[in-house]
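Undergrad: I am attaching a structure below and will ask some questions about it afterwards.
Where a number appears in this text, it was derived from the coordinates with a stated rule and is not lab data. These numbers were taken from a predicted model, which means no experiment stands behind them. Because the Cβ atoms are built from the backbone with ideal geometry, glycine has one as well, and the counts that use them run over all protein chains shown.
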Amino acid sequence: MSIRRFAANYVFPVDEAPIKNGIVEVDEQGSILSVYAPSNPDALHSTEFHNGAIVPGFVNAHCHLELSHMHGRIAKGLGLTEFVRHIGQQRQAPAEQITQAIDNAIGQMHQTGTVAVADICNTTHTLRTKQQSDIAFRNLVEVFGIHADEAQKAYANALSTHKAFAAQFADTAIVPHAPYSVSDRLWQLLRPHLHGLTSIHLGECMAEYELIERQQGELYNRYNHIYTNYSVPTGGTPEKVIERNLPANCRPLLVHCTYTHPKTLHTLSQRFAQTTVVTCPESNLYLEGRLPNLPEWQRLQLHIAIGTDSLASASTLSMLHNINLILDAFSTLHFTEVLRWATLNGAVALGFDTYLGSITIGKRPGLCLIDHFDFTHLRPTAQSGVRKLM
């Protein structure tokens, strides 16, 4: 059996403490055989030493790859409501342009160490490229329709898209978009599909709360402009809409939660079999100019993961970039904690933790090197880059 040994100034297994001058042994399939600190010079025999920190491959818990062709086309700071309007205007583009952008985006993910992705799908545009990639995907077919008259058509379209993905990816799921964008009738159609991994955008803007709680605000005005008659989803608050419609045995990814009170998230997390709260730092800053209170999330012991969202609202799909945004914004958070969000927590949420998420004997997590690492404070720097070792 062929064995390769990788060493660096630090190895971060994630499920154990960092190892100074650590060594990772892997077989030809990338399975971890051993992780240790050298006890004598002979341990360094045939070892590839790298200056930096070795970490497992990253798990992106929320992305919209099919929007990649919109990179740089929507201005910063518009707010979610205006952003959604621009997305609707730019979804139609030449097929070759959409495909090339998706190819490039998945290539960027691969180069920056991402090994698994929860990807939101409204179309089958990403299917071909995903089949050719060695990244693991959870394809989440998203459904929205605020007007009851749209429900049957939206549901039928989702079933068709789901069928195409499920033929190649067994764990494809149908998921609701957001509490404010799914009618009561559409929720009824979706409920049979929600007894496993699901995903829903929550608390991404204040207009969501204004619409559901007070029937006013930007989103409410937008829907009034589009429809002559529609009903606000029943529940009273976005969180109550979720409680009313998601079954207790589901595993929700609650995405963004920029404006959701942390204690409310804690209450929601107690309701379901497994709840993961997903932050998308650059996208939140790009659209709304703010981040959720991540230290409070940590204090409440929420299960946190990290996503990049789409290139329509981010400069890159690099998970390391989003880790640095979090560390720069919150001095009380440590790299070891945030790295766990970007690796093992995401893997657990997506059901990939038996082989991804940590440098653990028997797993095949992929190994990445972070260079220009700050060894004094044990964190990446603004100059850090990341590349796959295997």
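Undergrad: Kindly put 364, 387, 251 in sequence by how many other C-beta atoms sit within 10 Å of each C-beta, fewest to most.
TA: 387, 364, 251
Undergrad: What ratio of Cα Rg to 2.2 N^0.38 Å holds for the stretch 237-390?
TA: In units of the 2.2 N^0.38 Å rule of thumb, it is 1.07.
Undergrad: Now, a different point. Can you tell me which of 369-377, 88-96, 2-10, 183-191 comes out highest on packing, and rank the rest after it, using the mean Cβ neighbours within 10 Å?
TA: Those peptides, ordered most packed to least, come out 183-191, 2-10, 369-377, 88-96.
Undergrad: Where does the chain land at 222 nm, in deg cm²/dmol rounded to the nearest 500, when only DSSP H runs of n ≥ 4 count, each adding -39500 (n - 2.57), divided by all residues?
TA: So the helix-based figure for the chain works out to -9000 deg cm²/dmol.
Undergrad: Ratio of the stretch 1-107's C-alpha Rg to 2.2 N^0.38 Å, to two decimals?
TA: Cα-based Rg divided by the globular estimate yields 1.68.
Undergrad: Please determine, in degrees from 0 to 90 and to the nearest 10, the orientation of helix 95-111 with respect to the longest principal axis defined by the Cα atoms of the chain, where the helix direction is its Cα long axis.
TA: Relative to the chain, helix 95-111 is tipped by roughly 40 degrees.
Undergrad: Using just the C-alpha positions of the stretch 58-356 as equal point scatterers, what log10 of I(q)/I(0) does the Debye formula give at each q in 0.08, 0.10, 0.13 1/Å?
TA: After summing over all Cα pairs, the log10 values are -0.30, -0.49, -0.87.
Undergrad: Here's something else I'd like to know. Scan around residue 116 for amide H atoms under 5 Å from its own, H built in the peptide plane at 1.01 Å from N, and keep only partners 5 or more places away or cross-chain.
TA: Hits under the 5 Å cutoff: 60, 136.
Undergrad: What residue among 57, 236, 346 shows peak mean-square fluctuation when the chain is described by a Gaussian network model with Cα springs under 10 Å?
TA: Looking only at 57, 236, 346, the biggest GNM fluctuation is shown by 236.
Undergrad: What pairs in 153/240; 240/263; 130/388; 130/153 have C-alpha atoms more than 22 Å from each other?
TA: 153/240; 130/153
Undergrad: What fraction, in whole percent, of alpha-carbon pairs in the stretch 214-307 exceed 24 Å separation?
TA: I get 31 percent for the Cα pairs in the stretch 214-307 exceeding 24 Å.
Undergrad: What are the principal axis extents of the Cα atoms in the stretch 4-64, in Å, biggest first?
TA: 47, 25, 20
Undergrad: What list of ³J(HN,Hα) couplings, whole Hz, do you get for the stretch 135-145 from phi and the Karplus terms 6.51, -1.76, 1.60, once you set θ to phi - 60° and write x for glycine and proline?
TA: 6, 7, 10, 10, 8, 10, 7, 8, 10, 8, x
Undergrad: Of the peptides 292-299, 13-20, how do they stack up when ordered by the mean number of other Cβ atoms within 10 Å, highest first?
TA: Ranked by mean Cβ neighbours within 10 Å, highest first: 292-299, 13-20.
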